[in-house]
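A.B. asks: Dumping the structure here so I can ask a few things about it.
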Amino acid sequence: MSTALTPYLEMSQAIAEAGGEAFRKCYQCGTCTGTCPWSPVTEFSIRKLIRLSQFGYDGIEDLMWGCTTCKFCVDRCPRGVEIIDLVKSIRNMYAGGGLLPTSLRSFVGSLASRGNPWSGDVEKRNDWGKGKYPLFAEGMDYLYWTCCTVCYDPRNVLVAKASAEILNRSGLSWGLPGTDAQCCGESVKKVGDFDLFERIKGNNLGLFKAGGARKILTISPHCLATFKQEYGGDAEVVHFSELLDDLIRSGKIQPKKDRGGLKVTYHDPCYLGRHSGIYDAPRDILKALPGVELVEMDRIREQSMCCGGGGGGLWMERAKGERLSDLRVEEALATGATVLATSCPYCIAMLEDSVRTLNADDRIQVKDLTELVYESLEG
Ligand code: SF4
Ligand code: SF4
C-alpha cells in the first residue's frame, strides 16, 4: 500500500473501521507530543502522526512505529482521544497489507507458526522448570500463566524459576499451562495484526475454559492487561506482585534474610502502572524485605518513564541515544541504588540490555521482585 496513492477519505475511513474513530476528536493541541517520552530523544511526534492520519499523505510510515503504547499521552489528552487505539488502527492497515518493518517480521512470523515470539520450540515451553512443577488441573487455586518471555528468554527464565519456587512455598495449589498455551498476543495486536491476535486469543480462552481455570496468575503485566481488557473470559486475573504482597502480609511467605542495607530502586512498568493501576503492591513488597532500603527515582508511579519495550518495541532496533531504557538506567544510577527492581519481563530485558551497553554491570543489577523475594527467603 502506498500512502501517496491513498486518498484522504479512504485512509481515514479505514482507520475508523479498524477502531481508531477517536482520532476525529483531536484538535492538535500537542499535549501528547509534549508529554511523550520519545520527544526528547527522537523525531517521533504523535501529534503529527494523528494529523497525518486525518489528512493521509506521505510520511506516515516514518512515524507509525515510534509509539511504545506507554499510555502517558492518553492520560493527559484534554479531548480523551484513545491514542493507542489509533496507533494500533494505523498499524493494522499496514500489517494487514504485509508491510511490517523487517525487524518485526520474525517475531510476528514466530507467533503465527509457533505461538510464541521467541522462535522457541513449542514442546520446550515448560523446559525451564525441568519437570519440577505441576501442570494445571481443575480445582487448583491458580493457573500460573508464565509468559513466553520467561519461558524462552534465558535471562527471564531466572524469573520463572524464582516465582515458581515462591509458589511452591506458599501453600497454594497451582499449575502451569501445557505446551499448547500460546503468547497472550499483546505485541501482535499492538503492531496491528488483529487477525492473528484473535486466533491466539481463541486458543487461550479455549484452554482456560477446558482446564476450568477460575484464577489466572500472570508474571507479565502485558498478559495481565491483555487478559483483563481484551479477552473477556470469566476467570479472575491477578498479577504476581498482587499475590506476593498478599502472601507476605498473611505470613504465608516470610522473607527473613537480612540484606544488609541493600539499596533498591523500583521501575514501574507501564502495563502494571498506567495500564493496570498497580503502584503500591510492588513497593510494599520491597519495604517488607529485611535490610532493603527503597530509594525512589524522580519519575515514578503515574509519571514513570517507559522502558521502550511495549508496543512491539522489544523487537525494534533503536539507535544509540534513542533508547528510553538507557535513560531509565541513568536515572536509577543517580539514586545510588545497586539494584534496579521491576516487575515485567520486557522491562527486565530492556533495562538489562542497557546496563550492559552502558557498562554499568559493576554498579547496578536489574532484578525482578520475585528474584529479590526469593533471595530473602531462608532455607
Ligand atoms: S493531546 Fe489529544 S487533542 Fe491534543 S494533539 Fe494529542 S491527541 Fe490531539
Ligand atoms: S503512548 Fe507513550 S510512546 Fe505512544 S505516543 Fe503516547 S506517550 Fe508516546
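The values are calculated or read from the model by the stated rules, or taken from the named source; none is laboratory data. In this text the structure is predicted, and so the values were computed from the model without any measurement. Cβ: placed from backbone, ideal geometry, glycine included. Neighbour counts: every protein chain shown.
A.B. asks: Which residue is nearest to Asp62 (Cα to Cα), if the candidates are limited to the range 314-359 and must be of a type in the set (Lys, Arg) and not in a helix (DSSP H, G or I)?
C.D. replies: It comes out as Arg318.
A.B. asks: Determine which member of the set Ala137, Ala164, Ala160, Ala181 is at pLDDT 95 or above and surrounded by fewer than 18 Cβ atoms within 10 Å (Cβ to Cβ).
C.D. replies: Exactly one residue qualifies, and that residue is Ala137.
A.B. asks: Would you be able to say whether some residue in the range 149-172 is assigned by TED's automatic domain parsing to the domain that holds Asn204, farther than 25 Å from Glu242 by Cα and assigned to a loop (DSSP other than H, G, I, E, B)?
C.D. replies: The answer is no, given that none of the residues of the range 149-172 is assigned by TED's automatic domain parsing to the domain that holds Asn204, farther than 25 Å from Glu242 by Cα and assigned to a loop (DSSP other than H, G, I, E, B).
A.B. asks: Out of all the residues in the range 32-76, which are within 14 Å of ligand 1 (Cβ to nearest atom), more than 24 Å from Asp326 (Cα to Cα) and among the aliphatic types (A, V, I, L, M)?
C.D. replies: Across the range 32-76, the qualifying residues are Leu49, Ile50, Leu52.
A.B. asks: Separate question: Take Ser39 and decide whether it is within 14 Å of Leu86 (Cβ to Cβ) and of a type in the set (Gly, Ala, Ser).
C.D. replies: Against the criterion (within 14 Å of Leu86 (Cβ to Cβ) and of a type in the set (Gly, Ala, Ser)), Ser39 does not qualify.
A.B. asks: Within the range 29-124, which helices (runs of 4 or more DSSP H) (wholly inside it) include 3 or more residues that are over 17 Å from Glu317 (Cβ atoms)?
C.D. replies: Because the criterion is at least 3 residues that are over 17 Å from Glu317 (Cβ atoms), the helices (runs of 4 or more DSSP H) in the range 29-124 that meet it are 31-35, 46-54, 83-96, 102-114.
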